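Here is the structure we will look at.
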DNA sequence: CGCGAGTGGATGACGTGTCAACAATGCTTG
DNA sequence: CAAGCATTGTTGACACGTCATCCACTCGCG
């Protein structure tokens, strides 16, 4: 169909494998942890964190999706489920008839205030503590580089 | 409930944020890409890759789960879905009445042989090309370090 | 031999993510 | 003011992952 593919050379493949496996295991463990510690899913945690970091725990729906870089449909489903459990509520927006606010309820605040310290502990234990401060800094900087690269790449 | 939490200091938080956002965006883009390029999900891809790298495209079920580090239930569901689409087949195991083999069908081979070069291209384009070879090597090495650290950590 | 423990794997329920389509409102222009 | 077009958000269908549970089979031991 097209030119012969350029496979990764061995060093590249090793680096890619390590990165992918690390990332998967880390994220997997963290989300199972936050779930069993607090009953919040990783998604719940992200949404509540974004809400409670904002004035009044109240954010316009689309702003929320941008803040966490989610698609609106994903957010809509998530907010729906969280509303059903009483963690957040939807409110109408006076100045735009289509619009909506999402608000963290007292339940929501309670839940994330309980979950956050545990979450930080696990991040520390599984990730931060694995590296020296310089290594951590390096990893952060390389991540930022990849991020920037992706942003100016189609797709 | 317990001692005051030790939050991440600013450098740590920045590094963590960059890493998490990068990883999420990268994995998200890659899996949407492989999906739209080839009709295979990321999960399909992983399973087919593991199968077709093995003698005869045939692997014992539990071996397969170990090779890709998945839980058996996840694999069972995945194999079920893939079997329904004709990408793999289940075969009984003569020497263990409980056992099962998973086999890549010709369809399965066709699918991954079509998908693989495109997948590699995207990995290259989004990730490898963002870094110099030394940086890539560093990132790989740091990932391996975190991985090793997690493995000797509870949970 | 028979019985209980462990192993290999499947299943159902449920929360999650994506895609495509839709509804409702706002905006802009003739 | 009316006709479109863009924006804001929801919905339904479906694939995916996890947890708990279950079943069939094997193996070891009395």
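Numbers below:
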read-out: Failed condition for residue A:39, given (1) over 30 Å from residue B:70 (Cα atoms); (2) surrounded by fewer than 17 Cβ atoms within 10 Å (Cβ to Cβ); (3) more than 10 Å from DNA strand D (Cβ to nearest atom); (4) away from chain B (no Cβ under 14 Å); value: (1)
read-out: Odd one out for residue B:154, checked against (1) within 14 Å of another protein chain (Cβ to nearest Cβ); (2) modelled with pLDDT of 95 or more; value: (2)
read-out: Sole residue being out of contact with any helix residue (DSSP H, G or I) (no Cβ under 8 Å at 6 or more places or on another chain) and within 30 Å of residue B:146 (Cβ to Cβ), chosen from A:107, A:114, A:95, A:53; value: A:53
read-out: Positions within segment A:34-80 being within 12 Å of DNA strand C (Cβ to nearest atom) and over 17 Å from the mean Cα position of the chain (by Cα), in sequence order; value: A:80
read-out: Positions within segment A:1-46 being in a loop (DSSP other than H, G, I, E, B) and more than 21 Å from residue B:17 (Cβ to Cβ), in sequence order; value: A:1, A:2, A:3, A:4, A:5, A:6, A:7, A:8, A:9, A:39
read-out: Subset of segment A:81-98 that is touching a strand residue (DSSP E or B) at 6+ places or on another chain (Cβ under 9 Å), within 11 Å of DNA strand D (Cβ to nearest atom) and in a loop (DSSP other than H, G, I, E, B) - its residue that is nearest to residue A:44 (Cα to Cα); value: A:93
read-out: Filter result for the condition that a residue is modelled with pLDDT under 95 and surrounded by fewer than 17 Cβ atoms within 10 Å (Cβ to Cβ), over B:11, B:91, B:53, B:95; value: B:95
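The values are calculated or read from the model by the stated rules, or taken from the named source; none is laboratory data. The model shown is predicted, which means the values in this text are computed figures rather than measured ones. Ideal geometry is used to build each Cβ from the backbone, glycine not excepted, and the neighbour counts take in all protein chains shown.
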